[in-house]
Every structure is written in C-alpha cells, then in structure tokens.
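Here's the structure, in structure tokens; my notes come after.
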Amino acid sequence: MSRGPFVATFAELPTSMPIFPLPGAVLMPHAELPLNVFEPRYLNMVDDVLGSHRMIGMIQPDENAGSDEAICQVGCAGRITQFRETRDGRYEMVLSGVCRFEVNEELPTTRGYRLVAPDWSRFACDYDHPETRLQAEQQRLMTTLEHYLETREMEADLASFQQMPVVNLIDALTMALPFTQQQKQMLLESVEPEQRLENFLALIYEGAEVPQSATRH
C-alpha cells in the first residue's frame, strides 16, 4: 500500500486511539469505508481526531460475549481522508484503512466515546506493498468469484476487478460481500495476504454451494 505524505509511518502510529464499534462493518488496510456520523459522542470523537492524527479504530462488537460493551480484540485503524459537515450537524466522511491492531487495553475518557491503547506489532505486514503479492493467484480468485456471483445472482464489474491488485480486491470484497459478522472478523484477523486469500476463497466457495434462500443474514 503506497503511503501518502500525511500517513504515519509504522513507528509513528498512535499509542492511543478512539474506537468506533459497529456490527458488520469492518475496515481493511487497503480499502475505504464511508461513514455517516451523527451521535454526539462520535461527533466528539471526530472533532478530537481531526485536531491530531485523524485516525479512528473500526472494530466489531463481540456478539458471542454476552455483553453489549464487549468488543472483538482485533480492529483496523483508518485515517479520515474525506470529510464534510452537513447542514443538520452530521459528519459524512471516508476512512482509508491504514493498519490493523489488537486492543491492548481500554483507556478512560471523558468525551463519551471509547479509547484504547492499540498494539500494532502483529500487523506490521499491513505496511508492506501488496501490489505484486498474490498476482499468480488472480485467475483462481476470479474463477471462484465469478461462480459465487452467478450462483447468488449478484452482478459485479468483473473487468474492473481484474485491474485491481489481488490483495486490494480481497480486502474490498471482504467489506462488500454479504458475509456474516464472524466471517468478516475471521478475514480481518487473517494476518498475511496468503492466509487471507485462502480463507476468502473457502468462504466464497462455500457460499456458492449454498442456496441463496438458505444463507444466514
């Protein structure tokens, strides 16, 4: 992933960062996530990060923990790269994925949103350049993906997919395809691109064999 002049180096990643728990929404390190922010605590969050590192940790609630406050231990930090304030006081913005993290600890805060100390060390590979990795697997990915889309009667611009680096395509489709919350989390936690590719292929191969009416929502 190429880094613009305003993106922190790996060594410069923040030692504390607000998190935005959102079920079913994952951000991957080579993708973008549009957000519509309107709750007062998250408006505070955006105000605070705009004045500092501009980074927010997207993370899913842990649906198996039996607590509304429980979160998964792995999320992905994104930098605000597009931002607009609406007339009714909302923030419309885009987060560009930078690096995944593990939650080291949760920190006290007085601004309503949750704050964590992230541990970036497991995901240093997110700072590698992915453009040339996995390109030998492009045809296998495209063949399996085409079968998946046909089986589920979904339309997509396959020609544009073929122009994307494989790693970027997997990350974008992880966010876009109708995977379950747990499946998206599994892909998010697949550290190396090779592992993520195999897990992704297994999911779409399984999804192509399951009738659409039988899939879980």
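The values are calculated or read from the model by the stated rules, or taken from the named source; none is laboratory data. It should be emphasised that the depicted structure is a prediction, and the values quoted were computed from it without experimental measurement. Cβ: placed from backbone, ideal geometry, glycine included. Neighbour counts: every protein chain shown.
Every residue, every condition in (1) within 23 Å of Pro29 (Cα to Cα); (2) not polar (S, T, N, Q); (3) not assigned by TED's automatic domain parsing to the domain that holds Asn199, yes or no:
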site	(1), (2), (3)
Thr143	no, no, no
Glu146	no, yes, no
Leu149	no, yes, no
Pro165	yes, yes, no
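With respect to the conditions (1) aliphatic (A, V, I, L, M); (2) within 19 Å of the chain's Cα centre (by Cα); (3) surrounded by fewer than 13 Cβ atoms within 10 Å (Cβ to Cβ), Leu158 falls short on a single one, namely (2). Can you tell me which residue within the range 30-71, out of those that are surrounded by 14 or more Cβ atoms within 10 Å (Cβ to Cβ) and among the polar types (S, T, N, Q), is nearest to the chain's Cα centre (by Cα)? Once the filter is applied, the top-ranked residue is Gln60.
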